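The values are calculated or read from the model by the stated rules, or taken from the named source; none is laboratory data. Keep in mind the model is a prediction, meaning the values are calculated, not measured. A quick note on method: Cβ atoms are made from the backbone with ideal geometry, for glycine too, and the neighbour counts reach across all protein chains shown.
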Amino acid sequence: MTTITTEVATSAHWDDVQHALTGGSEGASCQCIWPMLSNRDWSETTTQQRTEMLRAEITEGPPPGLIVYVDGEAAGWIRIGPRTVQERIPRTRMIAAASDEPFDDDSVWAVSCFVVRREHRGSGLNLQMLRAAVDYARASGARLIEGYPVDTRGEKKRTNDLFHGTLGTFLAAGFTEAAEMKPGRTLVTRDLAS
């Protein structure tokens, strides 16, 4: 029987964060820093700089995400935290146009990235990570969580195109569709206040 657990990403779990991020696709080069930088700043950084940025973010806290483990091995990562610290979100026009929430509200959190190691894909880990992330956000005082998933409409998509998560995963975790940002991309919300 497979055992699946999650942990918040702290300095003690740095090696596990790296193991989760380096299992295929863009995670190794992105280091989940893409949501934290403007386009210009992103294009001016190297993978090593992004790695150090993520290490500093985790060291300084609060934890910017969760790690999922399968039988004790780090298998995936999800970024979740206040929208106010994820610099790219309010600068993304389609999100800014679709969201009804003020961008200076620390109680609004965002899920902006999923990574699952290649050998664990297709096993439902994104949904388990997302459910754990909702619990983490609630315990940390979040009022509302936004997500920006891809609506695959049942079609196969490239893994690198799915780092925002899929609409089906968010709906299964209790999120509701708030607005279509563009064809194939939906803003979803989960109200934690009720």
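Kindly establish whether G81 is assigned to a loop (DSSP other than H, G, I, E, B) and of a type in the set (G, A, S). Break it down into steps so the answer makes sense when it comes.
On the way: assigned to a loop (DSSP other than H, G, I, E, B): no; of a type in the set (G, A, S): yes.
For G81, the condition - assigned to a loop (DSSP other than H, G, I, E, B) and of a type in the set (G, A, S) - is not met.
Search the stretch 137-194 for residues being of a type in the set (K, R) and surrounded by 15 or more Cβ atoms within 10 Å (Cβ to Cβ), and hand back the single one that is farthest from D105 (Cα to Cα).
Taking the candidates together, the pick is R185.
Mind listing whichever residues of the stretch 88-104 are surrounded by 13 or more Cβ atoms within 10 Å (Cβ to Cβ) and either free of Cβ contacts under 8 Å to residues at least 40 places away in the same chain or assigned to a loop (DSSP other than H, G, I, E, B) (or both)? Walk me through how you get there before you give the answer.
The initial filter retains those residues of the stretch 88-104 that are surrounded by 13 or more Cβ atoms within 10 Å (Cβ to Cβ), namely 88-92, 94-95, 98-99, 101, 103.
Answer for the stretch 88-104, where residues must be surrounded by 13 or more Cβ atoms within 10 Å (Cβ to Cβ) and either free of Cβ contacts under 8 Å to residues at least 40 places away in the same chain or assigned to a loop (DSSP other than H, G, I, E, B) (or both): P90, T92, S99, E101, F103.
What are the pairs with Cβ atoms under 9 angstrom where one residue, in the stretch 40-64, is basic (K, R) and the other, located anywhere, is at pLDDT 95 or above and loosely packed, with under 14 Cβ neighbours inside 10 Å? Sequence gap at least six, or different chains.
That search, which allows pairs on different chains as well, returns R55/S11.
Within the stretch 52-61, which residues are modelled with pLDDT of 95 or more and either closer than 14 Å to S11 by Cβ or among the polar types (S, T, N, Q) (or both)?
E52, L54, R55, A56, E57, I58, T59, E60, listed by residue number.
Can you pull out every residue in the stretch 1-21 that is in contact (Cβ under 8 Å) with a residue 60 or more places away in the chain, farther than 13 Å from R55 by Cβ and not charged (D, E, K, R)?
Scanning the stretch 1-21 gives T2, T3, I4, T5, T6, V8, H19, A20.
Could you go through the stretch 162-175 and let me know if any residue there is in contact (Cβ under 8 Å) with a residue 24 or more places away in the chain, over 18 Å from I80 (Cα atoms) and over 11 Å from the mean Cα position of the chain (by Cα).
No.
Restricting attention to the stretch 9-29, which residues are surrounded by fewer than 20 Cβ atoms within 10 Å (Cβ to Cβ) and hydrophobic (A, V, I, L, M, F, W, C)?
Those that are surrounded by fewer than 20 Cβ atoms within 10 Å (Cβ to Cβ) and hydrophobic (A, V, I, L, M, F, W, C): A12, W14, A28.
Just a yes or no: is a residue in the stretch 123-133 surrounded by fewer than 16 Cβ atoms within 10 Å (Cβ to Cβ) and assigned to a loop (DSSP other than H, G, I, E, B)?
Looking through the stretch 123-133, at least one residue is surrounded by fewer than 16 Cβ atoms within 10 Å (Cβ to Cβ) and assigned to a loop (DSSP other than H, G, I, E, B).
Just give me the residues in the stretch 136-166 being modelled with pLDDT of 95 or more and not small (G, A, S), in sequence order. It would help to see each step written out before you state the result.
Residues of the stretch 136-166 that are modelled with pLDDT of 95 or more, as a first pass: 136-149.
Those that are modelled with pLDDT of 95 or more and not small (G, A, S): Y136, R138, R143, L144, I145, E146, Y148, P149.
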